[in-house]
Every structure is written in C-alpha cells, then in structure tokens.
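Read the figures in this text as sums done on the coordinates, not as results from a lab. Predicted model only: the values in this text are computed from it and were never measured. Here the Cβ positions follow ideal geometry from the backbone for every residue, glycine too, while neighbour counts run over all protein chains shown.
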Amino acid sequence: MVSLSDFLKLIGERIRSLRKEKGLTQEALAEKSGIHYSYIGGIERGDRNISLTTLEKVINALEITPVELFQFHKVDIETELLDKRMLIEAHRSLMIDLSMDEVKLIHRIAKDIATSIGSHRNRS
C-alpha cells in the first residue's frame with residue numbers, strides 16, 4: 001500500500017516530468033495555472049496535499065488528460081535513464097586519466113560481462 005506522502009511525491013514527480021517535457025519553468029506553469037510558483041514547487045516536491053481543484057488547474061495548464069498524469073511508469077523509465085547516464089558519466093570520469101590500453105581492457109571486461117548477462121537472461 002502506498003502512503004499519502006509517497007503518493008504526493010509520485011504525483012509531484014510526474015507533474016515535474018510533464019512540465020519539463022512541455023518546456024515549461026515552474027513560473028510558466030504557475031502563470032498558466034493561476035497558482036503561485038512556490039506552490040508549484042511544493043507540489044513537485046510532494047510537500048503539498050493539493051485539492052482536486054488545484055490538480056485540475058495543473059492538468060489544464062499542462063494541456064494533458066487526467067489519465068496522462070497517472071501514467072507513473074514513465075517517471076520510472078525517465079528516472080532509470082537518468083540514473084544510467086549518471087553512472088556512465090561516473091565511469092567516464094574514472095577512466096579519463098587512464099592509458100588507452102587500460103581503457104581498452106576495461107571496455108573488453110565490461111563487454112564480456114554484458115554478453116554474459118545477456119546470455120544468462122536469454123536462458124531464464
């Protein structure tokens with residue numbers, strides 16, 4: 001069961017994701033919805049227990065349907081992609097000062113591991 005605070009955070013993350021997809025700042029969304037920008041920030045952080053009326057204003061300002069707001073799998077996919085990018089960048093930072101031979105060795109090892117995981121996954 002999802003707690004209220006977890007649900008509010010989930011809604012907030014989804015609103016932030018949709019706002020960014022639309023290329024809107026918090027201030028622009030606030031203006032379109034008639035809600036103060038600091039309140040928008042509170043919604044996105046999951047700090048605000050917003051009313052259905054406020055939620056309707058946000059949905060209309062984002063020009064989405066209520067159903068689109070509750071498609072949480074998109075938040076998970078975007079978060080996972082961001083996490084992957086951060087890890088890849090961390091590896092790049094670790095390897096930037098290594099020699100070319102060391103980088104090639106790490107690449108071969110990573111490739112072997114990825115191939116092994118793929119083979120194991122296909123057998124399951």
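Helix 4-21 versus the longest principal axis of the chain: what angle, 0 to 90°, nearest 10, using Cα atoms? Helix 4-21 and the main axis of the chain meet at about 80 degrees.
Using Cβ point charges alone (K and R +1, D and E -1), the dipole size of the chain about the Cα centre works out to roughly 260 debye.
On a 0 to 90° scale, report how tilted helix 73-95 is relative to the longest principal axis of the chain, with both axes built from alpha carbons and the result rounded to the nearest 10. The two axes meet at around 40 degrees.
Could you point to the label whose value was computed as Cα extents along the principal axes in Å for the structure here, given (1) 59, 38, 25; (2) 52, 23, 20; (3) 71, 35, 24? Label (1) holds the value from this structure. When you filter the chymotrypsin sites (Phe, Trp or Tyr not before Pro) in the range 1-104 for DSSP loop state and at most 14 other Cβ atoms inside 10 Å of their Cβ, you are left with Phe70, Phe72. In this structure, the residue pairs whose Cα-Cα separation is over 32 Å, taken from Lys22/Lys84; Lys9/Lys32; Lys9/Lys84; Lys9/Lys111, are Lys9/Lys111.
Each Lys or Arg adds one and each Asp or Glu takes one away; over the other residues whose Cβ falls under 10 Å from the Cβ of Tyr37, this sums to -2.
Working note: 222 nm ellipticity from helices only, DSSP H runs with n ≥ 4, each -39,500 (n - 2.57), summed and divided by the residues of the chain, gives -25000 deg cm²/dmol to the nearest 500.
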